[in-house]
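Asker: After the structure tokens below, expect a handful of questions from me.
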Amino acid sequence: MPRWRREAERLVAAELGAADVPWVGWGALATRPLAPGTPFVLCVVGHAPAPQERARVLAGLAARLSVGTRLAVVDHNRPRRLPQALLALLGSPRVPGRSPAARWRRLADLTARAAQSAGFRVDRLRLVAGERVQVVLATRVGVPAVRARER
């Protein structure tokens, strides 16, 4: 198991208060049954969903979950300092993309903002693996944040 995954698992266990939180990969989310109210981890590391796809999938996930369900989204992150950002681009976990420019854009995806817009309250954003991986800890709320601001 890669180091970033072990670090993320320890963080998730500490934050959600359970050592056996199930991990669901981005590609397996549609077919995975979700137990009502049970926290889980959505792992986007190694995948490159378009921003529209990310928003659609997270909104669909919010519709499937009951209010109050905890979620951790584990995704790539672009560190703020250039040397660490380049290490994230070239190091482990590998960022998907055909070119360095595509991988660089992929590192800039706003996971926390997408989760909030889909109907989750972002409780905390933590970084692991030298800031190369972000862990967004969120809770399903009744009304998506975007709709609540429109009212």
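Asker: Residues in region 89-102 that are surrounded by 14 or more Cβ atoms within 10 Å (Cβ to Cβ), of a type in the set (A, V, I, L, M, F, W, C) and at pLDDT 90 or above: how many?
Answerer: Looking only at that region, the number is 1.
Asker: Report whether or not TRP26 is within 14 Å of the chain's Cα centre (by Cα) and of a type in the set (Phe, Trp, Tyr). Steps first, answer last, please.
Answerer: On the way: within 14 Å of the chain's Cα centre (by Cα): yes; of a type in the set (Phe, Trp, Tyr): yes.
Yes: the conditions hold for TRP26.
Asker: Among the residues of region 48-73, write down those that are surrounded by fewer than 19 Cβ atoms within 10 Å (Cβ to Cβ) and small (Gly, Ala, Ser). Let's see the steps before the verdict.
Answerer: Filtering region 48-73 down to residues surrounded by fewer than 19 Cβ atoms within 10 Å (Cβ to Cβ) leaves 48, 50-53, 55-57, 59-60, 63-64, 66-68.
Passing the criteria: ALA48, ALA50, ALA55, ALA59, GLY60, ALA63, SER66, GLY68.
Asker: Go through region 1-31 and report how many residues are of a type in the set (Lys, Arg) and surrounded by 14 or more Cβ atoms within 10 Å (Cβ to Cβ).
Answerer: Restricting attention to region 1-31, the residues satisfying the condition of being of a type in the set (Lys, Arg) are 3, 5-6, 10.
Next, only the ones that are surrounded by 14 or more Cβ atoms within 10 Å (Cβ to Cβ) stay: 5.
Residues that pass the stated criteria total 1.
Asker: Between a residue in region 8-36 that is over 21 Å from ARG132 (Cα atoms) and any residue that is basic (Lys, Arg) and in a helix (DSSP H, G or I), which pairs come within a Cβ distance under 7 Å, given they are 6 or more apart or on different chains?
Answerer: Between residues of region 8-36 that are over 21 Å from ARG132 (Cα atoms) and residues that are basic (Lys, Arg) and in a helix (DSSP H, G or I), the close pairs are LEU34/ARG64.
Asker: Exactly one condition in (1) outside any helix (DSSP H, G or I); (2) over 23 Å from VAL21 (Cβ atoms) is false for PRO93; which is it?
Answerer: Among (1) outside any helix (DSSP H, G or I); (2) over 23 Å from VAL21 (Cβ atoms), the lone unmet condition for PRO93 is (2).
Asker: Just give me the residues in region 122-143 being more than 13 Å from the chain's Cα centre (by Cα) and among the charged types (D, E, K, R), in sequence order. Full working, then the answer.
Answerer: Looking only at region 122-143, we keep the residues that are more than 13 Å from the chain's Cα centre (by Cα), and these are 129-131, 140-143.
Of everything in region 122-143, those that are more than 13 Å from the chain's Cα centre (by Cα) and among the charged types (D, E, K, R) turn out to be GLU131, ARG140.
Asker: To continue, here is another question. Among the residues of region 74-85, write down those that are surrounded by 14 or more Cβ atoms within 10 Å (Cβ to Cβ) and either of a type in the set (A, V, I, L, M, F, W, C) or under 13 Å from the mean Cα position of the chain (by Cα) (or both).
Answerer: Quick first cut of region 74-85, residues surrounded by 14 or more Cβ atoms within 10 Å (Cβ to Cβ) only: 74-79, 84-85.
Across region 74-85, the qualifying residues are VAL74, ASP75, HIS76, ASN77, ALA85.
Asker: Hey, can you tell me all the residues within region 67-87 that are in contact with a strand residue (DSSP E or B) (Cβ under 7 Å, 6 or more places away or on another chain) and either free of Cβ contacts under 8 Å to residues at least 12 places away in the same chain or among the small types (Gly, Ala, Ser) (or both)? It would help to see each step written out before you state the result.
Answerer: To start, the set of residues in region 67-87 that are in contact with a strand residue (DSSP E or B) (Cβ under 7 Å, 6 or more places away or on another chain) comprises 67-77.
Correct list: GLY68, ALA72.
Asker: Something else now. Suppose we keep only residues that are of a type in the set (A, V, I, L, M) and out of contact with any Leu (no Cβ under 9 Å at 6 or more places or on another chain) within region 66-88. Which one would you say is modelled with the highest pLDDT?
Answerer: Here the answer is VAL67.
The values are calculated or read from the model by the stated rules, or taken from the named source; none is laboratory data. Predicted model only: the values in this text are computed from it and were never measured. Virtual Cβ from ideal backbone geometry, glycine too; neighbours counted across all protein chains shown.
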